Ligand code: BGP
């Protein structure tokens, strides 16, 4: 495609701490809630846990060298809270913070701009034990303690910050993304209460970046899907709008307008699900404004009408097998909307729709609506990659997926949308949130299986060489 990407465009890729680092109990780090949740997945389904993950903690210099070889201009990663503060608050773990100093220095030395995410699902387990984690408002103060420390520590080296990863996905899949004590798991109001606590934490972190980081920019990284109506009948159109309000605008309006969308709030109040909002909360949320919108885009979604009286399903389709059609069910909100499969789109093995046009659509739509620059902080295709006898990984399906999405992003840029960065998921193979290492995303293959971490040898996939050319030509190839 012809070159329309800005000269300083931040080509790169993303990872998150617990999915890639390993060393889960090394050098003073204590468990995060993800270490516990992933161990349960390991026991139940045989999926790899995060104890070793991709062993990035020990391989990070080699990994940064590979990123440099691909030509990365940026790298989005997250900080493990329980590596820095093993008990959530209190004494800093010197060896833990040193790891991030070394990583950031290594990136800067190689001309790669760090994009730091403060929180990617991995709350310190100590805080879950202490007061139940995100369900308790105390977590907001504890988060502020952690984020203030990190932002201050790296204020001269890191200019691009994202606060909390995918609040929308946390609300939808809350027991996977947060450890929810057993007795609360049927209490759906808590999903929105947790989200409200995250809104406060997000706002505080935005204020901290604005106050402490010269030239710093901050925003949330939102898991975002445009939602299409199943048909053009008015009831489906309305259902799609309702779903958009509750699944998308519910977060976006907070970040950019400092308000909850009315219709979604009224629906939640009617069903006893609305969060408790204390005096001063909405003022704080307004003060913690975002400079940009970082989006994680994998797939578009589809909604249809859902009459009152329909059975309520709140747990939305997790396909753990990687066999097409194995999705476990779609979320329903009786009287508001029901999510469903889009018959017009092909899917990955895990039933995630493949829709590059959705990326152009959302970039144009959101830029018009909120007028803020955008970054793509995740985008990618989970697949069963095979190491062939010739010692290679021929992942042409991934190349095809990413190429189509880059073209779609290019079209949005041609239409005037300001996009700063493209950081697909993931720089290297890592632990999928609910599928171990069978479901791979990386440009760099990590030679391990779910039950055998071997030495986590790094191997360049075909997509590695392809992405290298994309970056070299600034998106032209
Ligand atoms: C996003 C998360 C990532 C990542 C990705 C792929 O929602 O931010 O952490 O894992 O999805 O999802 P999965 O690992 O379930 O395939």
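Throughout, read-outs are computed from the coordinates displayed, never taken from laboratory work. Just so we're clear, the structure is a prediction, and the values are computed from it rather than from any experiment. Ideal geometry is used to build each Cβ from the backbone, glycine not excepted, and the neighbour counts take in all protein chains shown.
Assorted remarks:
- Across the stretch 327-414, C-alpha contacts under 8 Å between residues 6 or more apart give a mean separation that, scaled by the residue count, equals a relative contact order of 28 percent.
- With the simple spin-label model, which puts each label point 7 Å out from Cα in the Cβ direction, the residue 175 to residue 130 separation comes to 2.6 nm.
- Computed helical MRE - 222 nm, the chain, DSSP H runs ≥ 4 contributing -39500 (n - 2.57), nearest 500: -12000 deg cm²/dmol
- For the stretch 157-243, averaging the sequence separation of C-alpha pairs within contact (under 8 Å, six or more residues apart) and dividing by the residue count gives a relative contact order of 40 percent.
- Cα gyration tensor, the stretch 274-347 - rounded (a/c under 1.5), prolate or oblate: oblate
- Euclidean distance between Cα centres, the stretch 116-137 to the stretch 237-273, Å: 25 Å
- Residue ranges 426-437, 267-278 sort as 426-437, 267-278 when ordered by packing (mean number of other C-beta atoms within 10 Å per residue, highest first).
- For the stretch 5-56, alpha-carbon Rg over 2.2 N^0.38 Å: 1.51
- Here the spin labels are modelled as points 7 Å beyond Cα on the Cα-Cβ line, and at residue 182 and residue 40 they lie 1.0 nm apart.
- When the inverse distances between all different Cα atoms of the stretch 140-267 are averaged and flipped, the Kirkwood radius reads 16.2 angstrom.
- Expressed to the nearest 5 percent, the antiparallel share of DSSP beta bridges inside the chain is 30 percent.
- You can think of it this way: the chain between residue 341 and residue 276 has 20.1 nm of extra reach, that is 0.36 nm per residue less the Cα-Cα gap.
- For the listed peptides 381-389, 16-24, 351-359, a ranking on the average number of other beta carbons within 10 Å per residue, highest first, reads 16-24, 351-359, 381-389.
- Semi-axis lengths (Å, descending) of the ellipsoid that matches the C-alpha gyration tensor of the stretch 57-153: 29, 12, 11
- Computed on the chain, with alpha-carbon pairs under 8 angstrom and 6+ residues apart, the relative contact order is 18 percent.
- Three-way shape label, the stretch 333-402, alpha-carbon gyration tensor, a/c 1.5: oblate
- Stretching residue 152 away from residue 357 to a fully extended chain increases their span by 69.8 nm, per 0.36 nm per residue minus the current alpha-carbon distance.
- Tensor-based shape of the chain (alpha-carbon gyration tensor, a/c under 1.5 rounded, otherwise prolate or oblate): rounded
- In terms of packing, defined here as the mean over residues of other Cβ atoms within 10 angstrom, the peptides 93-100, 198-205 line up highest first as 198-205, 93-100.
- Sorted from longest to shortest, the spans of the Cα atoms of the stretch 36-93 along the three principal axes equal 38, 35, 18 Å.
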